[in-house]
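The values are calculated or read from the model by the stated rules, or taken from the named source; none is laboratory data. All values derive from a computational prediction rather than experimental measurement. Glycine gets a Cβ as well: all are built from the backbone with ideal geometry, and neighbour counts include every protein chain shown. Quick note on the areas: whole protein, heavy atoms, side chains included, nothing else; ligands and nucleic acids left out. Shrake-Rupley method; radii C 1.70, N 1.55, O 1.52, S 1.80 Å.
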Amino acid sequence: MFKKVLIANRGEIALRVIRACRELDIQTVAVYSDADRESLHVRFADDDVCIGPAPARESYLKIPRLIAAAEIAGADAIHPGYGFLAENAEFAETCAASNITFIGPTASQIRLMGDKAAARRTMADVGVPIIPGTPGPVEDVDEALGFAREIGFPVIIKAAAGGGGKGMRVANDPDDFARAFQLARSEALSAFGNGDVYVEKYLARPRHIEFQIMGDRHGNIIHLGERDCSVQRRHQKLIEEAPSPGMTPELRQRMGDDAVRGARAIDYVGAGTIEMLLDTDGSYYFMEMNTRIQVEHGVTEMLTGVDLVKEQIRVAAGERLSVTSMPLLRGHVIEVRVNAEDPARNFQPSPGRIEVFNPPGGPGVRVDTHIYTGYTVPPYYDSLLAKLICQGSTRAEAIKRMQIALDFFIVEGVATTIPFLGRVMQNPRFQAGQVDTKFLERESDLLREP
Ligand code: ADP
């Protein structure tokens, strides 16, 4: 097992990884930018190294500094968390070249799945259904328009290197197409340094359903059930739950088998997620694979009792998965993302000082957070303040617990999504499980204080 793990991240996920390491009796090294000096992950790690100024490009994204920090602190492994360098193949390669274990899949697995067009081909080759679309990236707008006409409008133009909802544009008709195509290309180029885009059919009211995958180096690959992440704004997740409302054991079996087959096609090692869209007619399609731990992993942890982060670390150290099949599911779990954002102002970030902080508690309630009274939310990073996860024996009980937990969750000093999330819990369509990725567009009243 590792002696010392460096966590190449910040915020709640850095704390999450520190906890897992402590349970495994592994020492930890925190890294931090100038803006994060007062952060809890720095306080709770055994060691810490400052890696540069506040902007992520000059600190959390600087590979040489992270490697140097690991070498100085004597870390034999690096956990990348999510975001930042978690899906950066070069980082995984550099770790390996420096004799430091990257806690995650191999560089080539990251590279292959990071190219969404290549990932689609890989999945199609093993018979996993993919959304109808172009076989690979398309460069020429006329050629792309030809494909779009064949597939049928509306279509979505997506960055091959995409992530975080960036570099995606919907075109509703041929007149719309050229503009959307150029916008997607230029956004892809500026966000990812790669202007490759491909075209896919745009589904009208899909559910976002993803399968949690775990693989080890001994050939074991399993899934740990699905998460439904259909409540989104601008194609980004706000609420995640499991099981998916409306999921049947038979559909889970089929989707889960396909997800495992897809992961097996690349001999996947570590924690990963196969994201799919489930259409209203019951057909489903592979969308992309995330080759890292996800923000919403705690949903699966609460539902299955499996500690995914400990599992990641063990697998990276060469151990076998401690679970070999999907455990019994324990009721229903819902997660909400508490962000320092104002929903009424198009989710505009709201950094600043936290004047009062009182997290909820009680049975079936888990809060993963890095904030405290007096903490200043810096403007440089994403605005996630806390993940609130509630479990109940039924979905209705989980919703009720979430409502109460949100009522008892006090964060003063910055605008947060807490009141908005409380309104969603009381929405009759949400309560009835009638949720798809267009839910918030239809229920836009939820965005405003009544
Ligand atoms: P990213 O990697 O940027 O998060 P994804 O490919 O995971 O992008 O898609 C994010 C979200 O965008 C999905 O959950 C869904 O809401 C929407 N989306 C993506 N592709 C389609 C599609 N073909 N049809 C309908 N919605 C889509």
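Couple of notes before you dig in:
- Scanning the stretch 260-271 turns up at least one residue that is open to solvent by less than 20 Å² (accessible area, probe 1.4 Å), away from the ligand (no atom under 16 Å from the Cβ), in the same structural domain as residue 423 (by TED's automatic domain parsing) and assigned to a strand (DSSP E or B).
- Some residue of the stretch 401-414 being aromatic (Phe, Trp, Tyr), more than 14 Å from residue 231 (Cβ to Cβ), open to solvent by 20 Å² or more (accessible area, probe 1.4 Å) and away from the ligand (no atom under 16 Å from the Cβ): yes
- Being among the polar types (S, T, N, Q) and open to solvent by 20 Å² or more (accessible area, probe 1.4 Å) holds for only one residue in 304, 280, 300, 291, and it is 280.
- Yes/no for residue 435 being within 21 Å of residue 227 (Cα to Cα), assigned to a loop (DSSP other than H, G, I, E, B) and open to solvent by less than 30 Å² (accessible area, probe 1.4 Å): yes
- Residue within the stretch 153-164 that is open to solvent by 50 Å² or more (accessible area, probe 1.4 Å), closer than 17 Å to residue 292 by Cα, within 13 Å of the ligand (Cβ to nearest atom) and of a type outside the set (D, E, K, R) present: yes
- Conditions (1) at positive phi; (2) within 15 Å of the ligand (Cβ to nearest atom); (3) open to solvent by 30 Å² or more (accessible area, probe 1.4 Å); number of the one not met by residue 193: (2)
- Identity of the residue in the stretch 219-232, more than 14 Å from the chain's Cα centre (by Cα) and of a type outside the set (A, V, I, L, M), that ends up farthest from the ligand (Cβ to nearest atom): 219
- When residue 398 is tested against the conditions (1) farther than 22 Å from residue 234 by Cα; (2) in contact (Cβ under 8 Å) with a residue 60 or more places away in the chain; (3) not in a helix (DSSP H, G or I), the lone failure is (3).
- When 251, 278 are checked against the criterion of being within 12 Å of the ligand (Cβ to nearest atom) and of a type in the set (A, V, I, L, M, F, W, C), a single residue qualifies: 278.
For (1) closer than 28 Å to residue 377 by Cβ; (2) modelled with pLDDT of 95 or more, each residue gets a yes or a no:
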residue: 422; (1), (2): yes, yes
residue: 434; (1), (2): no, yes
residue: 438; (1), (2): no, yes
residue: 449; (1), (2): yes, no
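- Looking across the stretch 124-152, the residues that are within 13 Å of the ligand (Cβ to nearest atom) and either within 14 Å of residue 198 (Cβ to Cβ) or among the hydroxyl-bearing types (Ser, Thr, Tyr) (or both) come down to 130, 131, 132, 133, 134, 148, 151.
- Residues in the stretch 366-391 that are touching a Pro at 6+ places or on another chain (Cβ under 9 Å), more than 15 Å from residue 418 (Cα to Cα) and part of a strand (DSSP E or B): 376, 377, 391.
- Odd one out for residue 187 among (1) surrounded by fewer than 24 Cβ atoms within 10 Å (Cβ to Cβ); (2) within 16 Å of the ligand (Cβ to nearest atom); (3) more than 22 Å from residue 341 (Cβ to Cβ): (3)
- Checked across the stretch 168-179, the condition of being within 14 Å of the ligand (Cβ to nearest atom), part of a helix (DSSP H, G or I), surrounded by fewer than 20 Cβ atoms within 10 Å (Cβ to Cβ) and touching a residue at least 12 places away in the same chain (Cβ under 8 Å) holds for no residue.
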